[in-house]
Amino acid sequence: MPSRQVLLPADDYPRLADRLTALDHDIEPLLWAPGGVTLADGTSVADGAENANAGATYAPEAAWVSISLLFSGSFPAFVEAALAPGTLRWTQACLAGTDAPPFQQLLAGGVQLSRSDAPNDATAEHTMSLILHTLHDWEGRIDRRRAGVWLQVPWREVRGSRWLVIGFGSIGRKLAALARPFGAVVVGARRSVAEAADLESADAMVTMEALADELPLADVVVLTCPLTDETRGLVDAKFLASVRDDAVLVNVARGPVIDADALLAWLDEDRPATAVLDVFDIEPLPAHNPLWNHPKVVMTTHIGGAGSGMPSRNDDLFISQLDSFLAGHTPHLLVEG
């Protein structure tokens, strides 16, 4: 039986080599770099061509999109090479969101694509820290310290606050697990019927159709939903008109979930609301964008999932998923094409 070919970035292979060898499968790693594909011993492999030295044809059936590849600028070229021979059946992504065009190219090519839940712990922790930062007015505290001003300013407690988490999946459940011990009441919203895990994680669950009723009640509104046709522009002028004037609106989903013009108009009105943003329509955010210096905006640079433990969790996920796939099982976390 021929070896099972797995395509992965060459830079990631040294870290994973022993773990791939330890799997109970005859794996032939194919190492991709911008200059081409090689076998583990350095032998060059031409896309789709017979390799005279190794006696093998370039025919990957599985591939790994690592975080380093994603941000290297070479992601589109990797996907082209992976799809070229027409043998690719499954790819593991390193992010929860798979709306980037190369991911969509894989799906359009009939390849099964699994998203990653490795960033979710970090995203939930980052979200919690941003909300605490905002409710406690840490920017004001730091400004007063630097100015040498001693002033005892009251701050908003999490205890007794009501949080509406829109897109209550893995990230939402992890965020709820952090917020509820502080005394927050967490309401999850999702388009489908609540699952058992949702009912255990949240104080209440609602469908997306009930958002208009829930928004006026929420102290904190958190967007953790994927970017889809249904969620693109979800937060528009009508949505924002239902949000409380003193609410904290948090977006750790995708930038286009919020209508940027409607958000700016809402923030520019006379209300104490705050927008906490980690994602934007255009990234990097252009220097002239008014969100950079808006007094009612707390922002970070799309780093929600960039925690120190995320790379190792992604490695663990890839190895586990690859083992399952090569054993003939359906991988988890599949994206609907």
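The values are calculated or read from the model by the stated rules, or taken from the named source; none is laboratory data. In this text, all values refer to a predicted model and were calculated from it rather than measured experimentally. Positions of Cβ are generated from backbone atoms using ideal geometry, with glycine treated the same way; all protein chains shown enter the neighbour counts. We work out accessible area using only protein heavy atoms, side chains counted, and drop any ligands, DNA or RNA first. Shrake-Rupley method; radii C 1.70, N 1.55, O 1.52, S 1.80 Å.
Looking at (1) open to solvent by 10 Å² or more (accessible area, probe 1.4 Å); (2) of a type outside the set (K, R); (3) without any contact (Cβ under 8 Å) to a residue 40 or more places away in the chain; (4) part of a helix (DSSP H, G or I), which is the only condition E214 fails? Going through the list (1) open to solvent by 10 Å² or more (accessible area, probe 1.4 Å); (2) of a type outside the set (K, R); (3) without any contact (Cβ under 8 Å) to a residue 40 or more places away in the chain; (4) part of a helix (DSSP H, G or I), E214 breaks only (3). Checking each residue in region 21-56 for being open to solvent by 40 Å² or more (accessible area, probe 1.4 Å), of a type outside the set (S, T, N, Q), at pLDDT below 90 and in a loop (DSSP other than H, G, I, E, B) picks out A46, D47, G48, A52, A54, G55.
For every residue, the table says whether it meets (1) in a strand (DSSP E or B); (2) of a type in the set (V, I, T).
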{"site": "L164", "(1), (2)": "yes, no"}
{"site": "F168", "(1), (2)": "no, no"}
{"site": "R173", "(1), (2)": "no, no"}
{"site": "A179", "(1), (2)": "no, no"}
{"site": "G188", "(1), (2)": "yes, no"}
{"site": "L199", "(1), (2)": "no, no"}
{"site": "V206", "(1), (2)": "yes, yes"}
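Within region 57-70, can one find any residue that is in a helix (DSSP H, G or I), buried (at least 17 other Cβ atoms within 10 Å of the Cβ) and of a type in the set (S, T, Y)? No, because not a single residue in region 57-70 is in a helix (DSSP H, G or I), buried (at least 17 other Cβ atoms within 10 Å of the Cβ) and of a type in the set (S, T, Y).
Could you list, in sequence order, all residues of region 287-307 that are on the phi < 0 side of the Ramachandran plot and within 15 Å of the chain's Cα centre (by Cα)?
So in region 287-307, the residues on the phi < 0 side of the Ramachandran plot come out as 287-301, 303-307.
Matches in region 287-307: T300, T301, I303, G304, G305, A306, G307.
A count restricted to region 267-285 and to residues that are surrounded by fewer than 20 Cβ atoms within 10 Å (Cβ to Cβ) and either in a strand (DSSP E or B) or β-branched (V, I, T) (or both) stands at 1.
Taking (1) farther than 30 Å from A247 by Cα; (2) assigned to a loop (DSSP other than H, G, I, E, B); (3) among the hydroxyl-bearing types (S, T, Y) in turn, T98 satisfies each apart from (1). Hey, any hits in region 236-256 for a residue that's crowded, with 18+ Cβ neighbours inside 10 Å, closer than 30 Å to P101 by Cα and touching a Cys at 6+ places or on another chain (Cβ under 6 Å)? Scanning region 236-256, I find at least one residue that is crowded, with 18+ Cβ neighbours inside 10 Å, closer than 30 Å to P101 by Cα and touching a Cys at 6+ places or on another chain (Cβ under 6 Å), so the answer is yes.
Are any residues in region 308-337 in contact with a strand residue (DSSP E or B) (Cβ under 9 Å, 6 or more places away or on another chain) and on the phi > 0 side of the Ramachandran plot, and if so, which ones? Give the steps one after another, and end with the answer.
Residues of region 308-337 that are in contact with a strand residue (DSSP E or B) (Cβ under 9 Å, 6 or more places away or on another chain), as a first pass: 314, 317-318, 321-322, 325-326, 330-335, 337.
Within region 308-337, L333 is the sole residue that qualifies.
With respect to (1) within 30 Å of P9 (Cα to Cα); (2) touching a helix residue (DSSP H, G or I) at 6+ places or on another chain (Cβ under 9 Å), the lone exception for L317 is condition (2). Taking region 69-85 as the range and being at pLDDT 95 or above and within 18 Å of the chain's Cα centre (by Cα) as the test, the residues that pass are L69, F75.
Contact map, region 253-266: residues that are assigned to a helix (DSSP H, G or I) paired with residues that are open to solvent by 10 Å² or more (accessible area, probe 1.4 Å) and of a type in the set (V, I, T), Cβ distance under 6 Å, separation 6+ or inter-chain. Pairs shown: V257/T231.
Considering only residues of region 217-235 that are open to solvent by 60 Å² or more (accessible area, probe 1.4 Å) and under 24 Å from the mean Cα position of the chain (by Cα), which is nearest to A262 (Cα to Cα)? First the steps, then the outcome.
Taking region 217-235 first, the residues open to solvent by 60 Å² or more (accessible area, probe 1.4 Å) are 217, 226, 229-230, 232.
Going one step further and asking which of them are under 24 Å from the mean Cα position of the chain (by Cα), we end up with 226, 229-230, 232.
Numbers: P226: 20, D229: 18, E230: 18, R232: 13 Å.
My answer is R232.
Quick grid of which residues meet (1) loosely packed, with under 15 Cβ neighbours inside 10 Å; (2) among the hydroxyl-bearing types (S, T, Y); (3) not in a loop (DSSP other than H, G, I, E, B):
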site	(1), (2), (3)
T87	no, yes, no
C94	no, no, no
F103	no, no, yes
G110	yes, no, no
L113	no, no, yes
S116	no, yes, no
T127	no, yes, yes
E139	yes, no, yes
R145	yes, no, yes
